[in-house]
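Asker: After the C-alpha cells below, expect a handful of questions from me.
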Amino acid sequence: MQFERCGAWVVSARGSYDMCSITPLAEALETAAKAHRKVVLDASGIAFGDSTLLNLLIVTHHETDFRVAAPTQQIRRLLEITGADTFLKVRATVEEAAAC
C-alpha cells in the first residue's frame, strides 16, 4: 500500500524481506524516491529483514529524504547492531516520520 501523508509519500511493507523477496519493495521505494522529495517506509508490518533489506534502506536514504517509521523489534535490532540507526531517520509512527 502507498499513500500521501503530510507531504510525504508512504510505502507500507508487510512480510519478510531477503534476497528472494526484496524486489517488489525495492521497486516501490525506487519509484517513490524518483517522484517524491520525502519518502517514509512504514516498517510496522515487517516480520524479518536481513542485509538485503538493510542495503535497500541505505540506498534509499542516499536517493531521497527517507524515514523509517514504526520498525518492528527485529528491524530495530538490525538497525542498532549495524549502526544504521545513527544516520537513518527512524521514528515511532508514520505521522511523526511524515511530519518531521
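The values are calculated or read from the model by the stated rules, or taken from the named source; none is laboratory data. Since we're looking at a predicted model, the values are computed, not measured. With ideal geometry, Cβ positions are generated from the backbone for all residues, glycine too; neighbour counts draw on all protein chains shown. Keep in mind that these areas ignore ligands, DNA and RNA; they rest on the heavy atoms of the full protein, side chains included. Shrake-Rupley method; radii C 1.70, N 1.55, O 1.52, S 1.80 Å.
Asker: For residues that are touching a helix residue (DSSP H, G or I) at 6+ places or on another chain (Cβ under 6 Å), not hydrophobic (A, V, I, L, M, F, W, C) and not in a helix (DSSP H, G or I), scanning just region 48-66, find the one that is farthest from Glu30 (Cα to Cα).
Answerer: Among them, the one singled out is Gly49.
Asker: Name the residue that is most open to solvent (accessible area, probe 1.4 Å), counting only residues in region 67-100 that are of a type in the set (A, V, I, L, M) and not in a helix (DSSP H, G or I). Explain how you work it out, then say what you get.
Answerer: Within region 67-100, the subset of a type in the set (A, V, I, L, M) is 68-70, 75, 78-79, 81, 84, 88, 90, 92, 94, 97-99.
Next cut, not in a helix (DSSP H, G or I) only: 68-70, 88, 90, 92.
Working: Val68: 1, Ala69: 0, Ala70: 27, Leu88: 10, Val90: 35, Ala92: 64 Å².
Among them, the one singled out is Ala92.
Asker: Of all the residues that make up region 50-66, how many are crowded, with 21+ Cβ neighbours inside 10 Å and polar (S, T, N, Q)? Even if it seems obvious, please write down each step before you answer.
Answerer: To start, the set of residues in region 50-66 that are crowded, with 21+ Cβ neighbours inside 10 Å comprises 53, 57, 60, 66.
From the residues that got through so far, the ones that are polar (S, T, N, Q) too are 60.
Selection size over region 50-66: 1.
Asker: Can you tell me which residue among Val39, Val90, Val68 is without any contact (Cβ under 8 Å) to a residue 24 or more places away in the chain and within 10 Å of the chain's Cα centre (by Cα)?
Answerer: On the way: Val39 fails: without any contact (Cβ under 8 Å) to a residue 24 or more places away in the chain; Val68 fails: without any contact (Cβ under 8 Å) to a residue 24 or more places away in the chain.
Step by step, each of Val39, Val90, Val68 is checked, and only Val90 is without any contact (Cβ under 8 Å) to a residue 24 or more places away in the chain and within 10 Å of the chain's Cα centre (by Cα).
Asker: Looking only at region 5-27, decide whether some residue is among the basic types (Lys, Arg) and more than 18 Å from Ala84 (Cβ to Cβ). Don't jump to the end; show me each part of the working.
Answerer: Step one: filter region 5-27 for residues among the basic types (Lys, Arg), giving 5, 14.
Imposing the further condition that a residue be more than 18 Å from Ala84 (Cβ to Cβ) reduces the set to 5, 14.
The answer is yes, given that some residue of region 5-27 is among the basic types (Lys, Arg) and more than 18 Å from Ala84 (Cβ to Cβ).
Asker: Restricting to region 21-47, name every residue that is in a loop (DSSP other than H, G, I, E, B) and either at positive phi or open to solvent by 60 Å² or more (accessible area, probe 1.4 Å) (or both).
Answerer: Looking only at region 21-47, we keep the residues that are in a loop (DSSP other than H, G, I, E, B), and these are 21-22, 36-37.
Passing the criteria: His36, Arg37.
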